[in-house]
Amino acid sequence: DAARALQFVRSKAGEWNLDKTKIGATGGSAGACSSLWLAFHPDLADPKSEDPIARESTRLFCAAVNGAQVSLDPKELREWMPNYGYGAHAFGLPSFQKLIEDREKVLPWIKEYSPIEHVSSDDPPIGLFYGGEAPVVGSSPKDPTHSAIMGVKLKERLDEVKVDVVLVHSGETMPKYK
């Protein structure tokens, strides 16, 4: 849905006086996850489609997000934060424990919808903003669903492929951006 909305906006660029090459996204929590998914996912444009909207690009110019979930993988999330327990509903499952038990069955969905799985060197600049306590990977934060630990792990991946990323969280004493 987010990709189609972006394509629709791009299809209206002339009418709305927009530069369709400079569209960014932002959001908080699930909206942040969707924004990052768009930023990292390979382009879904279909240049041969009869639908003019489907021919538009789904890639972003940039994204700046707040409290983003960067992975939907329960195994990975529990390694980062032992008390993580959110997200089973995204797979139609009744509990996080059931998500852990059924992980292999839903692994294709996890890989498809986790933004961190799509990171590549051609991704746009990213701003990651997190509140709450200072991130300590391996700890059990008060709000693991929106913990800056996810930002730390995504920044590591983005740094590996040399994508411009800014991470702001409460553990920083001199953030470039507040």
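Give just the number: which of (1) hydroxyl-bearing (Ser, Thr, Tyr); (2) open to solvent by 10 Å² or more (accessible area, probe 1.4 Å); (3) touching a residue at least 24 places away in the same chain (Cβ under 8 Å); (4) in contact with a Lys or Arg (Cβ under 6 Å, 6 or more places away or on another chain) does Tyr84 not satisfy?
Against the list (1) hydroxyl-bearing (Ser, Thr, Tyr); (2) open to solvent by 10 Å² or more (accessible area, probe 1.4 Å); (3) touching a residue at least 24 places away in the same chain (Cβ under 8 Å); (4) in contact with a Lys or Arg (Cβ under 6 Å, 6 or more places away or on another chain), Tyr84 comes up short only on (2).
When only residues in the range 10-26 that are more than 17 Å from Leu36 (Cα to Cα) and of a type in the set (Lys, Arg) count, which is farthest from the chain's Cα centre (by Cα)?
The selected residue is Lys12.
Identify, by number, the condition in (1) modelled with pLDDT of 95 or more; (2) out of contact with any Gly (no Cβ under 7 Å at 6 or more places or on another chain); (3) of a type outside the set (Lys, Arg) that Gly132 doesn't meet.
(1)
Quick one: Leu38 ticks every box in (1) in contact with a strand residue (DSSP E or B) (Cβ under 6 Å, 6 or more places away or on another chain); (2) farther than 26 Å from Ile126 by Cβ bar one, so which box is it?
It fails just one condition, (2).
Condition first: crowded, with 16+ Cβ neighbours inside 10 Å and under 15 Å from His118 (Cβ atoms). Now tell me which residues in the range 33-56 satisfy that.
Cys33, Ser34, Ser35, Leu36, Trp37, Leu38, Ala39, Phe40, His41
Scan the range 89-109 and tell me whether some residue there is outside any loop (DSSP other than H, G, I, E, B), open to solvent by 70 Å² or more (accessible area, probe 1.4 Å), touching a residue at least 12 places away in the same chain (Cβ under 8 Å) and not hydroxyl-bearing (Ser, Thr, Tyr).
Yes: the range 89-109 contains one or more residues that are outside any loop (DSSP other than H, G, I, E, B), open to solvent by 70 Å² or more (accessible area, probe 1.4 Å), touching a residue at least 12 places away in the same chain (Cβ under 8 Å) and not hydroxyl-bearing (Ser, Thr, Tyr).
Can Arg55 be described as touching an Asp or Glu at 6+ places or on another chain (Cβ under 7 Å), modelled with pLDDT of 95 or more and basic (Lys, Arg)? Before the answer, list the steps.
Details: touching an Asp or Glu at 6+ places or on another chain (Cβ under 7 Å): yes; modelled with pLDDT of 95 or more: yes; basic (Lys, Arg): yes.
So Arg55 passes the test.
The values are calculated or read from the model by the stated rules, or taken from the named source; none is laboratory data. In this text the structure is predicted, and so the values were computed from the model without any measurement. Cβ: placed from backbone, ideal geometry, glycine included. Neighbour counts: every protein chain shown. Ligands, DNA and RNA are excluded from the accessible area calculation, which covers all protein heavy atoms including side chains. Shrake-Rupley method; radii C 1.70, N 1.55, O 1.52, S 1.80 Å.
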